[in-house]
Amino acid sequence: MNAPLDPYRKRAPWQKAFSAEELAHGSYAGFIGDEGVVVDGVRYRNITVTPFDGAYYLVSSKATLTFNLTAVCNAACSFCFNGATFFPDVNSSAAQASRSFERSVAFAQAGGVANVSFSGGEPTLLPAKLLNAIEVSRTLPGFKRLHTNGSRVLKRRSDGGVLLDALIQQGLGEVSLSRAAIDQKLNAALMRMPDSASLADAELAVLAAAIRTRLSCFMLPDGVADVEGVRRYIEWGRRLGVNDFVFRLPSNLPQRYTLSSSYAEANSALNDLTTAELRDALCAEGWTETFSRQEADYDLYILRHGATEISVDRGADVPDPDRKIRRLIHMPNNLLYSSWLSSSSFIFDADRAAMVDSLSRVRVDRPGRYPAADARARTTPAPVRYDHDMHLHSTVSDGMLCPSEVVHALLAGGVRRAVFTEHNGVHPNWPALQAYAAECGLDCPIPATEVSANYYAPDGEQAFRVHVLVYGPGVLDAAFHEWIAGANNAEIDFISEVYERLLAQWPDLPPIEEIYRVSDPVSELSARKLTYNRTPLAEAVSRLANVSVDHAKNELIGKISADRKTASGLDCVSLVRWAEELGCVTVLAHPAWVRNIGVKSGTFDSILQAVAHLHAEGLDGIEVTHRLNDDDTRLRLWQLASTLDMLETGGSDFHGKPRDVIGVHGASERQFEQVLARIGHKEKQIGVRLRPHAAS
């Protein structure tokens, strides 16, 4: 009943939808307890098999629906977990928001989810949206809990009524109030909000008398930092009528989300205090442990003393190990996710286009309005040295060093595996270069090329000049190699015309064939360069004209026009499709470089949509780590690659120029191996038979 899937097509953990075939044509249904069910080699326990919109989902019996209503906040807590989330608000009508609420609630109800929370940002800043979400979720039978800093719950609305009264009337049953310190002013300072926004003791007492109230305290060195501080905090809360407390220790985040920000700093504090130590100290004072749960993403103890209950926890939103849905998070872009951290975790496949559109709206230049996004985005990654490089050029195309010199430069920079990616072609004696590199200690396992192409959006509104890295032995196919070489024709023709003009002025210029001949005896190379860039001709002219190379390049040679260069570009979709037929892996190179064609306008947002379209045509990956991609761009590209289940690569784009630093930009071993594995699988699937290309 559990037919194996094609391992290459096996869906990733964040892809939550199952087909009827995967669930034995729907024979699994309803709630499945401890006995579990095996799907695609994984045993799932305590789940509800949930049919929804033509697909099936496995929803955990412990799942909670959380409405993250807004990223906007009137505080800027350094410790707020929302500092690691990924979406600011998007503009949508009340009707659109309500419909999205209804879909999320319908899915939660079908999956047996009972409890719902309302969070942000600060959700009370959007009272109408909050009230609507509570009303829509009334059909869920469990608790309705508001997570808030408390600044607005007791304020009067425009109709004269108090917001809390309206929330209770609508069905709200609990309030979880974030409070970092007992003292009102200290709390305001730690949460970085005005003193007036921090509730006074009398206001807290009013809140606790009106609705079940939980005080949620993130433990900080300047706030509640130890067992004695916890004891005083509980005594203070009890005096105000509160009997429910949460003490949160700093979160353990996956490395790729550990950013250089105040949020990261707050979550590195108090790491020497464990949840178990805090539990042991309280139990020694008469508290009784009533529940505990230690899992990969959560460390929780619940203790009780009389009528008072406290939770001690440390969370870590780690990637899901499988396709079970453990949490439902309705984000401010009106889509439903299973993770706070990764935009790849959207639940419904039909939301892919909307997700990409929402991802393109992530911004880092709105300080104050989106404090959580601000904390996440200002990233200074820790220095990383890469020993794999998947983007390199030599004098075979437009590099400054011959291939053997590049090999030694890579080894000197600590690189042990690399891929040469000459422009619109391959080293004419690729086996000799591969053998020489191996003798020197550098592994160059596959041939590859970087192809100049033109992308045209299906709607005709966008057009870009792009570079596509094509990896794999398929690039040696004679017909394919001849076709991609045509992308160099415009520059070759331009340089040839300029050469004839300069030759009339300086008859002693060497023959153009000599100027554009690359020689590297070590790698058994003596051939015409694949492309004619300006530098070799400028160097020859500078010696005769007694001018600098830059002067010769800019004043005597000039630049090829963008229109002329575009005219020789290959069709990007055709390139991706042909490469797929040859068993090659295709990767969009340096997305931050992409250029508009003609007068058509385009933005980086448009590039994200182009990637989604090209992925549907067969594009395998995105070059995330590149010197032209800044930190924000890398973050968004990584999110997109994760979302579309694409490969991530990186490289120095080495040309031998001062700006090219080997080891600073590159690929990880995992990324390198994934490309090789993808090539191997493709070749096995299509049974590719290659025709050797002729040397130039």
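The values are calculated or read from the model by the stated rules, or taken from the named source; none is laboratory data. Everything quoted here is computed from the prediction, not taken from an experiment. Glycine also receives a Cβ, built like all others from the backbone with ideal geometry; neighbour counts cover every protein chain displayed. Accessible surface is based on the protein model in full, side chains and every heavy atom, while ligands, DNA and RNA are left aside. Shrake-Rupley method; radii C 1.70, N 1.55, O 1.52, S 1.80 Å.
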Residue satisfying all of: in region 479-500; within 37 Å of the chain's Cα centre (by Cα) and aliphatic (A, V, I, L, M); farthest from GLN685 (Cα to Cα) among these: ALA490
Residues satisfying the stated conditions in region 401-437, i.e. open to solvent by less than 10 Å² (accessible area, probe 1.4 Å) and of a type in the set (A, V, I, L, M): VAL406, VAL407, LEU410, VAL415, ALA418, VAL419, VAL426, LEU433, ALA437
Residue check for VAL175: of a type outside the set (Gly, Ala, Ser) and buried (at least 18 other Cβ atoms within 10 Å of the Cβ): yes
Only listed residue being polar (S, T, N, Q), in contact with a helix residue (DSSP H, G or I) (Cβ under 8 Å, 6 or more places away or on another chain) and more than 29 Å from ASN596 (Cβ to Cβ), chosen from SER519, SER542, SER568: SER542
Which numbered condition VAL153 fails, given (1) out of contact with any strand residue (DSSP E or B) (no Cβ under 6 Å at 6 or more places or on another chain); (2) open to solvent by 20 Å² or more (accessible area, probe 1.4 Å); (3) touching a residue at least 40 places away in the same chain (Cβ under 8 Å): (2)
Residues (crowded, with 17+ Cβ neighbours inside 10 Å and at pLDDT below 90) located in region 317-339: ASP317, PRO319, ASP320, PRO332, ASN333, SER339
Scan of region 622-663 for residues that are closer than 17 Å to TRP14 by Cβ and among the acidic types (Asp, Glu), ordered by number: ASP645, GLU648
Candidates LYS565, LYS553 - the one that is surrounded by 15 or more Cβ atoms within 10 Å (Cβ to Cβ) and within 18 Å of TRP506 (Cβ to Cβ): LYS553
Set GLY142, GLY121: member being at pLDDT 95 or above and either in a loop (DSSP other than H, G, I, E, B) or over 16 Å from PHE67 (Cα atoms) (or both): GLY142
ASP571 being open to solvent by less than 20 Å² (accessible area, probe 1.4 Å) and among the charged types (D, E, K, R): no
Spans of helices (runs of 4 or more DSSP H) in region 494-602 with at least 1 residues out of contact with any strand residue (DSSP E or B) (no Cβ under 7 Å at 6 or more places or on another chain), of a type outside the set (Asp, Glu) and more than 30 Å from GLY650 (Cα to Cα): 512-515, 534-545
Residue match in region 373-386 (condition: farther than 26 Å from ARG517 by Cα and either at pLDDT 95 or above or among the aromatic types (Phe, Trp, Tyr) (or both)): yes
Checking ASP645 against (1) open to solvent by 20 Å² or more (accessible area, probe 1.4 Å); (2) within 28 Å of VAL396 (Cα to Cα); (3) charged (D, E, K, R), the condition it does not meet: (2)
The lone exception for ALA610 - which of (1) under 30 Å from ARG385 (Cβ atoms); (2) open to solvent by less than 20 Å² (accessible area, probe 1.4 Å); (3) at pLDDT below 90 it fails: (1)
Search result, residues across region 623-663 that are over 13 Å from LEU588 (Cβ atoms), modelled with pLDDT under 90 and of a type in the set (A, V, I, L, M, F, W, C): LEU635, TRP638, VAL661
Answer from ALA438, ALA490, ALA453 - the residue that is of a type in the set (Gly, Ala, Ser) and part of a strand (DSSP E or B): ALA453
Candidate set from region 529-550 (those that are without any contact (Cβ under 8 Å) to a residue 24 or more places away in the chain and more than 43 Å from the chain's Cα centre (by Cα)); member that is least open to solvent (accessible area, probe 1.4 Å): SER542
Selected residue (only one of LEU503, LEU509 is over 30 Å from LYS684 (Cα atoms) and free of Cβ contacts under 8 Å to residues at least 24 places away in the same chain): LEU503
Failed item in (1) of a type in the set (Gly, Ala, Ser); (2) at pLDDT 85 or above; (3) in contact with a strand residue (DSSP E or B) (Cβ under 9 Å, 6 or more places away or on another chain); (4) open to solvent by 30 Å² or more (accessible area, probe 1.4 Å), with SER696 passing the rest: (2)
From PHE79, PHE143, PHE67, PHE107, residue being aromatic (Phe, Trp, Tyr), open to solvent by 40 Å² or more (accessible area, probe 1.4 Å), touching a strand residue (DSSP E or B) at 6+ places or on another chain (Cβ under 7 Å) and in contact (Cβ under 8 Å) with a residue 24 or more places away in the chain: PHE143
Elements of type helices (runs of 4 or more DSSP H) in region 149-250, at least 1 residues being of a type in the set (S, T, N, Q): 163-170, 184-191
